[in-house]
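The values are calculated or read from the model by the stated rules, or taken from the named source; none is laboratory data. Here the structure is a predicted model, which is why all the values come from computation and not from measurement. Cβ coordinates were reconstructed from backbone atoms using ideal geometry, including for glycine residues, and neighbour counts include every protein chain displayed. Heads up: the accessible areas ignore ligands, DNA and RNA and are worked out on the full protein's heavy atoms, side chains in. Shrake-Rupley method; radii C 1.70, N 1.55, O 1.52, S 1.80 Å.
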Amino acid sequence: MSAGGAFGGWVPPTEVEHRLYEASVRNDTDAATQVLASTDLFILAPKAEVDADPERVHWRSYPEPGHRIVITRGMLPPWHPDWVFHRVSLRWIATFHWNDAAPRPLVVNPGSPVQFLLPSAARDRATWLQYHARHRRSPKHRLVAPRHGPLRGPLAFGLACGGHLAVSNGVPWNEAGTLYMGYTVELDTLRGAWDVTEPSGWRGELDALLAGRNSPPEPDFVLSVRERLAAEIHGVPSADLWRDAAAGHAQDLGASPESVREIGELVRRIVRYEARFRADGLLPPEGRVRKTVAYDYGRAVNVARWGLVTTQTSWQISALVGKGRLSSLCGVLRSRPCVGQRHEGENAERVEGGSTGHVRTTRGPRP
């Protein structure tokens, strides 16, 4: 979509804002409500307040009493160290404690080309609930790329290395800084799945990922066995020869019978994956995988993004490309802790959460 076209020089960042703009041109509040029911919405909050009580959403009304504001993802303001965002849905908003004696409109994207004022009387909120049930779809497993995000160049290349996890989580792949899924979601992910509670821990995890030290060693072990065999026989070994050599080498190193069997199964799995990669064009017809470091790089991108959201300090992110590979991705932190202590007790106005797909293990790989 080119600037200066149907949108008068303004380019909607995502499909959500595109549809909202079309509804605004028609003055179609019902269509806009259906769009809002189908997507994530965000509430601005002071970071210090959320750190003090992460489970509670204090939804203030401004610029004057009674007006409550939500923002669509594409219209979020630039990163600021003192402000974060709660992710909510139109259903959550409909069940909020509204003042029915003097209901004020719900303000969506104030001051933008896609600003909407939605009536918030009880009957309107009942409609919101109906539309949420009818139009809401899971954000997961969707490719989202805001038009204002990088689409080419080193930063785009680096972010694209984590694109598969962004698609799985239904968040933009080419964006870093303001938001990933939601501030408290990122706090929980770093704390629960990565044991990160301060900037030094986050940086340590990121450095380990970029160095390829985070993944389990078995895949690279069997891949290195194949490369040694290939050098010895001056060709690619058969799957059977590779499997026997890898299992035998593991046995010589003192692996248990169960581990030896797992090594053999791992070779079979890699053979299947490579066949799928060739069929999909990810590998050339005679190509093969030599290392699994891309797995760590993909997670490094997302760990960097979560850290940038939760540390809320001055930062910069760089992704340098060297000879077709991501060679560096780093966040620069200052002194403020990135994760506050959780407060227990009575909770109110809980934000609707969502799984990030990350599972903590006692030791080993973390997704």
- Among GLU49, GLU55, GLU15, which is among the charged types (D, E, K, R) and within 15 Å of ARG87 (Cβ to Cβ)? GLU55
- strands (runs of 3 or more DSSP E) lying entirely in the range 39-134 (those with 3 or more residues that are open to solvent by 70 Å² or more (accessible area, probe 1.4 Å) and of a type in the set (D, E, K, R)): none
- Task: May I ask you to list the residues in the range 244-260 that are assigned to a helix (DSSP H, G or I) and either farther than 15 Å from PRO217 by Cα or in contact (Cβ under 8 Å) with a residue 24 or more places away in the chain (or both)?
- Result: ASP244, ALA245, ALA246, GLY248, HIS249, ALA250, GLN251, ASP252, PRO257, GLU258
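Scan LEU190, LEU223, LEU179, LEU241 and give me the residue that is open to solvent by less than 20 Å² (accessible area, probe 1.4 Å), more than 27 Å from LEU143 (Cα to Cα) and not acidic (Asp, Glu).
Details: LEU190 fails: more than 27 Å from LEU143 (Cα to Cα); LEU179 fails: more than 27 Å from LEU143 (Cα to Cα); LEU241 fails: open to solvent by less than 20 Å² (accessible area, probe 1.4 Å).
Just one listed residue meets the conditions, LEU223.
Taking PRO110 as the residue in question, decide whether it is within 27 Å of the chain's Cα centre (by Cα) and in contact (Cβ under 8 Å) with a residue 60 or more places away in the chain. Working first, answer last.
Numbers: within 27 Å of the chain's Cα centre (by Cα): yes; in contact (Cβ under 8 Å) with a residue 60 or more places away in the chain: no.
When the stated conditions are applied, PRO110 does not pass them.
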